[in-house]
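The values are calculated or read from the model by the stated rules, or taken from the named source; none is laboratory data. This structure is a prediction, so every number in the text was calculated from the model and none was measured. Cβ coordinates were reconstructed from backbone atoms using ideal geometry, including for glycine residues, and neighbour counts include every protein chain displayed.
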Amino acid sequence: MGGDSTRLGRMVWIAAAAAFVARFPGLLWPLRPDEAGFLLVAREWHPEPDSVYGHYWVDRPPPIIGLLRATDAIGGPYAHRLVGALACAVLVLAAAGATRELSRRAGILDPLAVRRLAGWVAVGTAALVTNAQIEPVAAKAELFGIPLVLGSCWLSLRAVRRVSAPDAFVAGLLAMLAVGLKQSIVGGLVFGGVLLVGSVVARQLPARAALRCAAAAVAGAAVPVLVVVGWALAVGVRLQTLWYTSVSFRFDAGRVIAAQSGEGVNNRIWVLLLVFIGVGMLVLLGCFLVRLPALVRHDAVPAIAILAVLVVDLVGVAVSGSYWRPYLFVPIPGLVLALAALLAHDHLRLSRRRWTPAAMAFVVGSSVLSLVAWTVGWSVGLVPVEVRTGAAIAAAARPGDKVLVYGGRADVQWASQAESPYPHLWSLPMRTLDPGLSDLRSVLTGSNPPQWFVEATQLDAWSELGTRPIERSLIHKYQFVRTACDRYRIYHLNTVERIDVEVDCSTPWRFIWGD
């Protein structure tokens with residue numbers, strides 16, 4: 001943060017430390033499905049011309065898998081959660097930096113006032129990103145990406161103020177790095193583009209200076225792309241394979257989601273809406289929209305840029321089709337910028353109605369209560385059925401046994417400590433790339449079928465899939481062993497020996513070490 005870091009103020013540093021510490025649930029719960037899946041892909045990563053990752057398939061760009069591969073190699077399978085905690089702290093510091101820039105643009109010249117505003121925005125940012133209603137445990141692309149987005153927004157604001165090509169270069173670099181972690185995290189690109197174009201239209205920046213900054217930002221954004229493309233060429237992955245895995249697959253998957261939407265998706269939509277309200281995001285968004293006309297009159301360019309980021313991020317969540325709660329991390333940078341603009345507006349006394357402090361209180365109170373509720377639930381005793389199921393199979397299996405988990409529970413696969421002969425650890429790639437389940441049927445009926453089959457999702461959950469042959473294969477070649485904790489049906493290849501597994505459905509999970 002350069003010279004600005006020494007003037008951030010004590011409240012900012014306390015908020016950053018609180019955001020880091022508030023990720024402590026990551027020490028108290030085993031790997032979530034996506035974390036386990038990404039680690040399995042990373043550990044088996046062997047790029048081929050027609051496969052970015054080799055045996056397992058995942059629709060993510062190489063940087064996110066590379067990140068987990070690196071953290072796993074350095075600190076083990078949970079080390080990425082420490083990176084997630086650091087990302088929360090960096091997000092808070094980036095929020096303070098962006099607030100300083102927005103305060104300057106608003107005309108707030110008193111350094112103490114700017115420091116105070118940065119401190120309050122830091123507190124709000126820490127509360128948003130640590131709210132346990134979203135995701136208190138897992139560290140994934142959304143959590144890693146949003147500090148990059150907010151850092152890019154901060155540097156874009158500074159680049160326009162200073163007419164600084166180096167700032168614009170780093171802003172573009174950070175924005176594209178976020179996209180490299182997850183394709184939908186485009187807020188940094190949107191904010192920088194709207195800010196730069198708006199500054200020229202509003203005649204706040206000469207066209208020549210804007211072109212220089214734009215060229216620098218494009219150059220910065222090109223760096224991660226060129227690195228990934230260069231890596232693909234070096235290891236022999238075809239560029240069309242890389243493009244389909246990182247980009248085109250999402251269009252095919254979207255059609256599958258639209259065709260196969262069911263009760264589970266509808267339930268997740270309502271849960272996501274309730275969390276959006278409960279976290280305080282709706283309150284912040286409402287305050288910003290109510291005050292938007294006044295913000296535009298005062299300084300239209302940043303107000304419109306913030307609005308653009310919020311629209312793009314929220315539309316991205318709305319059209320995702322899956323509606324998982326961690327998606328709500330993505331709008332946080334835009335909401336933080338909105339909060340900074342509102343507080344600066346309040347300081348200048350440009351509005352008679354000051355609802356922002358009440359919105360802040362709601363956000364902070366919700367975060368504290370949700371974290372307390374999660375901790376109380378954990379202390380009472382929660383059983384990770386997926387991990388216990390996989391561990392029970394690992395205890396009963398013989399060396400070299402393979403396990404196939406149907407329905408997308410990579411945490412069961414991870415806990416089994418066994419390889420899967422099927423490349424799809426998630427249900428969406430399975431439904432998209434193996435729609436008739438012909439590949440799955442070939443695995444089950446081939447010369448070397450898996451010894452274990454776990455029905456993590458009912459075979460007929462997606463009625464359009466070719467599940468009848470799979471059911472016949474299970475009946476003919478496998479024997480039912482037991483239902484783990486009334487949830488997961490476990491099968492084993494037919495054998496004259498008695499096969500059984502003992503699943504611990506009662507012992508709570510306490511820590512990531514020692515369980």
If you go through 358, 338, the only one that is of a type outside the set (D, E, K, R), in contact with a Cys (Cβ under 9 Å, 6 or more places away or on another chain), more than 30 Å from residue 470 (Cα to Cα) and surrounded by fewer than 16 Cβ atoms within 10 Å (Cβ to Cβ) is 358
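Going by the structure shown, is residue 420 of a type in the set (Gly, Ala, Ser), modelled with pLDDT of 95 or more and not assigned by TED's automatic domain parsing to the domain that holds residue 309?
Working: of a type in the set (Gly, Ala, Ser): yes; modelled with pLDDT of 95 or more: yes; not assigned by TED's automatic domain parsing to the domain that holds residue 309: yes.
Taking the combined requirement at face value, the residue satisfies it.
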Those residues of the range 2-31 that are over 16 Å from residue 98 (Cβ atoms), at pLDDT 95 or above and either outside the structural domain of residue 84 (by TED's automatic domain parsing) or β-branched (Val, Ile, Thr) (or both) come to a total of 2
Item to complete: State whether the residues of the range 152-168 include one that is within 28 Å of residue 39 (Cβ to Cβ), touching a Gly at 6+ places or on another chain (Cβ under 9 Å) and in contact (Cβ under 8 Å) with a residue 24 or more places away in the chain.
Response: yes
Scanning the range 438-465 residue by residue, those part of a loop (DSSP other than H, G, I, E, B) and farther than 25 Å from residue 385 by Cβ turn out to be 446, 447, 448, 449, 463, 464
Of the residues in the range 396-414, those that are out of contact with any Phe, Trp or Tyr (no Cβ under 9 Å at 6 or more places or on another chain), small (Gly, Ala, Ser) and either crowded, with 24+ Cβ neighbours inside 10 Å or part of a strand (DSSP E or B) (or both) number 0
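Kindly indicate the residue of the range 361-395 that is small (Gly, Ala, Ser), closer than 30 Å to residue 498 by Cβ and buried (at least 19 other Cβ atoms within 10 Å of the Cβ) and also farthest from the chain's Cα centre (by Cα) among those meeting that condition.
Across the range 361-395, the extreme among qualifying residues is 392.
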Point to revise | Residue match in the range 477-487 (condition: assigned to a helix (DSSP H, G or I) and over 30 Å from the mean Cα position of the chain (by Cα)) | key: yes
- So is residue 318 out of contact with any Lys or Arg (no Cβ under 7 Å at 6 or more places or on another chain), loosely packed, with under 15 Cβ neighbours inside 10 Å and not aromatic (Phe, Trp, Tyr) or not? yes
Quick check: is even one residue across the range 503-514 crowded, with 17+ Cβ neighbours inside 10 Å, modelled with pLDDT of 90 or more and over 21 Å from residue 137 (Cβ atoms)? yes
All-but-one check, residue 432 against (1) in a loop (DSSP other than H, G, I, E, B); (2) among the polar types (S, T, N, Q); (3) within 32 Å of the chain's Cα centre (by Cα), failing number (1)
Residue pairs within 8 Å by beta carbon, gap of at least six or interchain, first lying in the range 233-255 and within 11 Å of residue 49 (Cβ to Cβ), second modelled with pLDDT under 95 and part of a helix (DSSP H, G or I), listed first then second, are none
Subset of the range 216-257, residues within 30 Å of residue 462 (Cα to Cα), among the aliphatic types (A, V, I, L, M) and surrounded by fewer than 16 Cβ atoms within 10 Å (Cβ to Cβ), comes to 247
- request: Look at residue 25 and say whether it is surrounded by fewer than 20 Cβ atoms within 10 Å (Cβ to Cβ), out of contact with any Cys (no Cβ under 7 Å at 6 or more places or on another chain) and part of a helix (DSSP H, G or I).
  value: yes
Counted residues in the range 102-117 being surrounded by fewer than 24 Cβ atoms within 10 Å (Cβ to Cβ) and touching a residue at least 60 places away in the same chain (Cβ under 8 Å) come to 8
Within the range 261-284, identify whether any single residue is closer than 23 Å to residue 183 by Cα, of a type in the set (S, T, N, Q) and touching a Phe, Trp or Tyr at 6+ places or on another chain (Cβ under 7 Å), and answer yes or no. no
### Task
Answer yes if at least one residue in the range 85-105 is out of contact with any Gly (no Cβ under 8 Å at 6 or more places or on another chain), among the acidic types (Asp, Glu) and at pLDDT below 95, and no otherwise.
no
Screening 200, 163, 186 for residues that are in the same structural domain as residue 341 (by TED's automatic domain parsing) and on the phi > 0 side of the Ramachandran plot leaves only 163
Expected output for the range 287-306 (first residue acidic (Asp, Glu), partner assigned to a helix (DSSP H, G or I), Cβ below 9 Å, 6+ apart or cross-chain) is 299/102; 299/105; 299/106; 299/341
Taking the range 425-469 and the residues there that are crowded, with 18+ Cβ neighbours inside 10 Å and free of Cβ contacts under 8 Å to residues at least 24 places away in the same chain, the one that is nearest to residue 398 (Cα to Cα) would be 430
Within the range 177-211, residues farther than 21 Å from residue 106 by Cβ, of a type in the set (A, V, I, L, M), free of Cβ contacts under 8 Å to residues at least 40 places away in the same chain and surrounded by fewer than 19 Cβ atoms within 10 Å (Cβ to Cβ) come out as 207, 211
Quick check on the range 225-236. Is at least one of its residues under 18 Å from residue 153 (Cα atoms) and assigned to a helix (DSSP H, G or I)? no
The condition of being more than 30 Å from residue 347 (Cβ to Cβ), of a type in the set (A, V, I, L, M), part of a helix (DSSP H, G or I) and touching a Pro at 6+ places or on another chain (Cβ under 9 Å) holds, among 86, 40, 82, only for 86
Looking across the range 457-515 at residues that are among the small types (Gly, Ala, Ser) and touching a Gly at 6+ places or on another chain (Cβ under 8 Å), the single one that is nearest to residue 383 (Cα to Cα) is 461
Residue 349 meets each of (1) modelled with pLDDT of 95 or more; (2) of a type in the set (D, E, K, R); (3) on the phi > 0 side of the Ramachandran plot with one exception, condition (1)
